[in-house]
Amino acid sequence: YALLWRNVILKADPDAPPTSEREAVLRLITERMNSEQRTSVPQSLFTASGTHHLEPAVRWLASQGILIQGMTEWSFLHQTFLDYCYAKYFAERGRRLADTVLQGDQGLFARAQIMQMLSYLRGTNPTTYIRELNGLLQASTLRFHLRHLVLRWFGALPNPSDDEWVIARRMLLDPTKRP
């Protein structure tokens, strides 16, 4: 999705709306989908007086295959693109993943967001990624299904970094965490 972002969403196109408006559309949709825990937003979101100016960017993103128009709603080309956008905007705000997850309901949406956030941070900010991974793995209040998901994801990483090996060794040496 990073390539899609760079080569489509940010591409220089004199006939396209400004990239700031394209990104504003994606941010608005992502925030709305996340807050409502849905994978679509009403088309009326971009007919309101405060967002009407973004309608050309919406249409352009649809023409590029980023947005899919339904009868009354807009959705992303795939749900995993929502996860990517969420991770991107979350990381840009400097928020803490572990804190957000632990303070939330740890429900169905949390699964995809955790995996996408960890993947995104692993590729873009290794220091923050290691901090967040440690925060999740050491959190005593993280629900079992999420801890299991993080452990399975972590255990399946190809080419672990030196920092990831340190985490794995520390867990394997601790008799309470080894299982």
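The values are calculated or read from the model by the stated rules, or taken from the named source; none is laboratory data. Remember, it's a predicted structure, so these values are computed and weren't measured experimentally. Heads up, the Cβs are rebuilt from the backbone with ideal geometry, glycines too, and the neighbour counts pull from every protein chain shown. Side chains are part of the model used for accessible areas, which takes the heavy atoms of the whole protein and leaves out ligands, DNA and RNA. Shrake-Rupley method; radii C 1.70, N 1.55, O 1.52, S 1.80 Å.
Residues in the range 43-71 that are at pLDDT 95 or above, touching a strand residue (DSSP E or B) at 6+ places or on another chain (Cβ under 8 Å) and open to solvent by 20 Å² or more (accessible area, probe 1.4 Å): 2 in all.
Evaluating ASP162 against the criteria (1) within 27 Å of ALA24 (Cα to Cα); (2) out of contact with any helix residue (DSSP H, G or I) (no Cβ under 8 Å at 6 or more places or on another chain) leaves one unmet condition, (1). Checking each residue in the range 156-179 for being in a helix (DSSP H, G or I) and surrounded by 10 or more Cβ atoms within 10 Å (Cβ to Cβ) picks out ASP163, GLU164, TRP165, VAL166, ILE167, ALA168, ARG169, ARG170, MET171, LEU172. Restricting the range 7-31 to residues that are open to solvent by 70 Å² or more (accessible area, probe 1.4 Å) and either within 16 Å of the chain's Cα centre (by Cα) or β-branched (Val, Ile, Thr) (or both) leaves a set whose member that is modelled with the highest pLDDT is ARG27. Taking the criterion of being open to solvent by 70 Å² or more (accessible area, probe 1.4 Å) and aromatic (Phe, Trp, Tyr), the only residue of the range 137-155 that qualifies is PHE144. Of all the listed residues (TYR120, TYR129, TYR84, TYR89), the sole one being modelled with pLDDT of 85 or more, open to solvent by 30 Å² or more (accessible area, probe 1.4 Å) and closer than 30 Å to LEU67 by Cα is TYR120.
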